[in-house]
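Below is one structure, written out as C-alpha cells; the observations come after it.
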Amino acid sequence: MKRKRSTSHLRLLFVLAVIIPCLVLGVIAIRSINREEAFIEMRLQRTIDAELVHLVSLMNAELDRVREELASSLPGDVFSSPQDALRGWKARSELVGVPFLLSPELKIIWPSLSGALSDDERAFLNWNREFITGQAPIPVYQNIALLYRDEIVRTQEIPDKKAEDAPEPGKAAEASPVFGLDRARPDVLPEEKSGIKEPKTQIEEFQAQQKALSEFEQSPALRRSVYEQAREKGQQTAPRTVASGSALSPEKRSVQQESIFISEPQRFNEITKGHENGLIPRFIQDELTLLFWKRDSSGGFSGCVINGEAFRGRLVNLLPSVYSPVRILTILDENGRPLIASDDNDKRDWRRPLVAREISERLPRWEVAAYLSSPDAVASRANLTVLILWILVFFLFIAIASGGTYILNTLRNEMLLARQKTTFVANVSHELKTPLTSIRMFAEMLKERRQPDPEKQEKYLSLMVSETERLTRLINNVLDFARMERGERKYEKRGLDVALLYEGLVEGQRVRLEHNGFEVTFQNDLGEAFIEGDEEALKQALLNLLSNAEKYSGEARKVDVDVTGTADSILINVKDRGIGVPPRETKKIFEEFYRADDSPTAKVRGSGLGLPIALRIVRDHGGDIHYFPREGGGSVFQIRLPRQGRQGRT
Ligand code: ADP
C-alpha cells in the first residue's frame, strides 16, 4: 500500500516538475518559432522603411532646389525681349523644357502665337492653354493629414485629453518626418483654402502637423473616417499605385491603401494667389508633367514645363546604392514604372514592393519603393533560424525529460532500497526469533523431563539440531551476503558427489519437515553426480530452496527433491505444491532483498536474500538456477550444475 502510494507521489511529482514545465516550454517555444519568419521580415521592413523616410525628405529638398534654381536662373528682362531671354534661360538650366509667358490678365505672350511654333510648343499650348489662361481648373494635390490637421488632432485628444495636454515634439517628429512643416506647400496649397486655423507660433504649428501626420499614419480607423469626410466634401481620393506588404507570404499583403494626397479642382489664378513661384504637377494623358511658374514684378507670369528627363535624372542621382544584398531601392513613376531598373531585365512585379512611401504632393502617385533582393534568401534565413531553434528545443526537451526521468528513477530506487533495508532488519529479527522459540521450548521440555518416552526425546533433540541448523543458515545467509557484497566470499572446492550430498541433507531435514506436517521425498535418477565444489556452500544453496518450499507451501505440504541429468549437466529439482510465483515476478525473485509480498502484514517472513545467495553460489560453481511453474500447481526451482568426471573426486 505504502509502496504504491509513494510511487504515485513520485509520478505526480514527475508530471508536475518535468512533464508540465516541458510542455509549457514546448508550447511557448513553438509559438515564438512560428513567429520568427514574420519577425525577421518585420525587422527588415522597419530598417528599409527608415531608409525610405530619409530618401523622401532628400527628394522633397531636391524639389525645392529645382524650384529655386529655375527661379534664380530666369533672366530679369524676360518680358522686354522674350525670345533672347528665354533662349538664355534654357541654355542656363537643363530643367527648362517649353517656356511660357503670361500677361497679368493671363493672356499668352509666349510661345508667340503669331510666329512659327515648334512641335513641343504646339503640344504645350494644346494641353495647357485653357489651364494657364485661367479658363479651366486642374486637380490640385494636398496632403490629407495636413488638410484635416485640426480634426485629426482634436479627435485624438478627446479620449486621453490629460495625457495629450503636453505635446510630445520628439515623438511626433520621429513618427513621420516625411511630410514635415516645409511640405505644407504654399506654392500649391494656399493655407486659407485648407481651412486650417492660423496657429499661434511656428513651433506649435509644426507640432500640430507632425502629430496629425503621425496619428494619420498609425490609425487605420482614423484614416477611414478622414477619407470619408474628404469624399463627402467632393474632394477626390485615389488608390496608391503600389500595394506594399509581406514579401514572404503574399496572402498577408495589406489591402491597397488610399493615397495620402487628395485633389480638388483649382484654377491657375487660385493656385498662384499669394505666392511668388511654385511647381504645379499635371497629369496629361496619364503622364505627370511639372510646370514651374514665377510671378513677375509687373504682375505677369513666366514659367516652363520642366524637362522630364533632366528632372528624373536629378531624382535618380539622389538614390544611394540601388542594390544591396538585402534590398533593391527605386523610384516609381505615376504608372508604377521604376525610374531605374536592374540591368538584367528584372521581371519583378514593381507594384508589389516590400515597403513604399509616397513622395510629395508635388509628385502625386510617385513613390519610393524597396524590394527584397532575393525573397528566397530571407525565407531560407528564416527557415534556418527556425530549424536551429527546433533542434535546440528538441534537444532541450530530450535533456529535460531524460534528466528528469533519470533523477526520478534514481530517487525511486533509493527509496525502494531504503524501504527494503528496513523490512530486511524486521524480517531477519523475526526469522531469528522463530527457531529460537522452538529450541527453547524443546530444551525446557527435556529439562523438566515432561516427556518420558525416549523415542520422543530423541525426536526433540533432532528438532533442536534442525532448528539450530536453520538459525545457522539464516545467520550464514546474512554474513555471506555481506561477504559477497565485499567480494570476500571464498570457496573451498573439492571433488564431491552432489547427489549423495543432497540426499544426506534432505534426510537431515526430514524429521523437522515431517514434524511440521510435510511429506518429503528424495529421488536420485542419476546415480553418482561428481562435481568440483564447496560442500558447505552447495548445502546452503539447497537449504535455501528447501526452506522456501517449506515457507511458501500453504496447505499442500509436500516437498519433492529429485536429481536427474543430461549429458553435460546435473539437474537438482526442488518441487513444492505451494503458492507459486506470479509470471511477472519470476526474474525479480532472484534480486537482492526482493520479496513478492514485502508488506509488514505478509504471512511469511523472510530476508529476500535466500534466492540471490543460492543463485550466486551455483553460478560460482559454473551453473544456474531457474524457476518453473509446476504442473498441477506449485513451484519447481531447478539447480543446474556442470557435470564433471569422477576424477574430480578426492
Ligand atoms: P525470502 O526470505 O523472502 O524467502 P528469497 O530470496 O528466498 O527471500 O525469496 C524471494 C521471494 O521469492 C520470496 O519472497 C517469495 O515471494 C518468492 N519465492 C521463493 N521461493 C518460493 C516458492 N517455493 N514458492 C513461491 N514463492 C517463492
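Kirkwood hydrodynamic radius for segment 280-362: how many Å is it when counted over pairs of different Cα atoms?
15.2
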With only Lys, Arg, Asp and Glu charged, each at its Cβ (+1 for the first two, -1 for the last two), find how big the charge dipole of the chain is about the Cα centre; round to the nearest 20 debye. 2820
Per 5 Å bin, what is the whole-percent P(r) computed from every C-alpha pair distance within segment 1-159? 1, 6, 7, 8, 10, 8, 7, 6, 6, 6, 5, 4, 3, 3, 3, 3, 2, 2, 2, 2, 2, 1, 1, 0
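I need the Kirkwood Rh of segment 404-475: take the reciprocal of the average 1/r across all distinct C-alpha pairs and report it in angstrom.
Numbers: mean 1/r = 0.0667 Å⁻¹.
Result for segment 404-475, one decimal place: 15.0 Å.
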Cut-off 9 Å between beta-carbons: net charge of the residues surrounding Val561, Lys and Arg +1, Asp and Glu -1: -2
Applying the span-like rule to the chain (DSSP H, Cα extent along axis at least 30 Å, Kyte-Doolittle mean at least 0.5) gives 375-447
Compute the signed sum of charges (Lys and Arg +1, Asp and Glu -1) over the other residues within less than 15 Å, Cβ to Cβ, of Arg314. -3
Going by how many other Cβ atoms sit within 10 Å of their own, how do Leu474, Leu213, Leu392 line up, fewest first? Leu392, Leu474, Leu213
Restricting things to alpha carbons, find the Rg to Rh ratio for segment 373-423 using the Kirkwood radius for Rh. 1.54
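Using C-alpha positions alone, give me the convex hull volume of segment 477-636 per residue in cubic angstrom.
So the per-residue Cα hull volume is 123 Å³.
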Between Lys107 and Lys233, how high is the FRET efficiency from 1/(1 + (r/R0)^6) when r is the Cβ-Cβ distance and R₀ = 25 Å? Nearest 0.05. 0.15
Cα-only Debye scattering, segment 469-570: base-10 log of I(q)/I(0) at q = 0.19, 0.24 Å⁻¹: -1.05, -1.31
Note on segment 495-650, DSSP bridge orientation, antiparallel percent to nearest 5 equals 75
Rounded to the nearest whole number, the Stokes-Einstein translational diffusion coefficient of segment 64-126 at 37 °C and 0.692 mPa s (Kirkwood radius, C-alpha pairs) in µm²/s is 264
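Suppose we keep just the DSSP beta bridges with both residues in the chain; what percent of those would be antiparallel, to 5?
Around 90 percent of the beta bridges assigned by DSSP in the chain are antiparallel ones.
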Using only alpha-carbon positions, what ratio does the radius of gyration of segment 362-500 give when scaled by 2.2 N^0.38 Å? 2.70
Determine the distance separating the Cα centre of segment 430-461 from the Cα centre of segment 613-641; give it in Å without decimals. 33
How much length would be gained if the chain were fully extended between Glu631 and Ile28, taking 0.36 nm per residue of separation minus their Cα-Cα distance, in nm to one decimal? 211.2 nm
Once the Cβ-Cβ distance between Tyr491 and Asp624 is put in as r, and R0 is 22 Å, what FRET efficiency do you end up with, to the nearest 0.05? 0.85
For the chain, place one equal point scatterer on every Cα, skip the solvent, and apply the Debye formula. What is log10 of I(q)/I(0) at q = 0.07, 0.11, 0.12 Å⁻¹? -0.64, -1.11, -1.22
Cα-Cα P(r), segment 16-74, percent of pairs per 10 Å interval: 18, 20, 17, 15, 12, 9, 6, 3, 0
Return the equivalent ellipsoid semi-axes of segment 424-524 as a descending list in whole Å, where each equals the square root of 5 times an eigenvalue of the C-alpha gyration tensor. 29, 21, 12
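Coordinate-derived values only; no laboratory data. What you see is a predicted model, and the numbers here were worked out from it, not measured in a lab. Here the Cβ is made from the backbone with ideal geometry for all residues, glycine too, and neighbour counts use every protein chain on show.
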